């Protein structure tokens, strides 16, 4: 039996970020191990949903709490938002102080690659696109209780209710 390899989480971040943020992020996860779950059907038959970490919301829905993010720059809003599959840049706003939201405003696919997913469905490589996609604020620091205990289970329930077979993370 081979020994498990240790992953260097700072490998591509550089020494500056490693020094600045390394002490703020716990070394060991405080959650149970996440089990690997293989896809139960071929991708060409699967319904796929996207999960963005860009703090996206539909215009008219409550935005992510930027005041909280300003007051606590090492934390983020742990809530989540549902996004329509037919949403366009004009209908979605990005609420996140830790990313340049101008890229998202010019091309939604940067943070929520719906067009790319539609292309995969049209090519027959993916079975279907879910009606609902999701967004969280990716920068949580080490205060993940709301995200882990409330938002993640709610997103999972919503996906299960919609018959989603596979969720793809679109990290920003």
Q. Within the group 59, 75, which residue is within 14 Å of residue 138 (Cβ to Cβ) and either modelled with pLDDT of 75 or more or touching a helix residue (DSSP H, G or I) at 6+ places or on another chain (Cβ under 6 Å) (or both)?
A. 75
(Q) Every residue in segment 43-60 that is surrounded by 15 or more Cβ atoms within 10 Å (Cβ to Cβ) and part of a loop (DSSP other than H, G, I, E, B), please. (A) 46, 53, 55
Q: Select from segment 90-102 the residues that are more than 18 Å from residue 50 (Cα to Cα) and assigned to a helix (DSSP H, G or I) and write down the one among them that is modelled with the lowest pLDDT.
A: 102
(Q) Just to be sure I understand, how many residues within segment 153-172 are assigned to a helix (DSSP H, G or I) and either buried (at least 18 other Cβ atoms within 10 Å of the Cβ) or touching a helix residue (DSSP H, G or I) at 6+ places or on another chain (Cβ under 6 Å) (or both)? (A) 2
Q. Taking segment 112-147, which residues are modelled with pLDDT of 95 or more, crowded, with 17+ Cβ neighbours inside 10 Å, in a loop (DSSP other than H, G, I, E, B) and under 18 Å from the mean Cα position of the chain (by Cα)?
A. 112, 113, 130
Q: Search segment 61-103 for residues being touching a residue at least 60 places away in the same chain (Cβ under 8 Å) and within 15 Å of residue 133 (Cβ to Cβ), and hand back the single one that is surrounded by the fewest Cβ atoms within 10 Å (Cβ to Cβ).
A: 82
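The values are calculated or read from the model by the stated rules, or taken from the named source; none is laboratory data. The structure presented is a predicted model; accordingly, all values stated were derived computationally and were not measured. Virtual Cβ from ideal backbone geometry, glycine too; neighbours counted across all protein chains shown.
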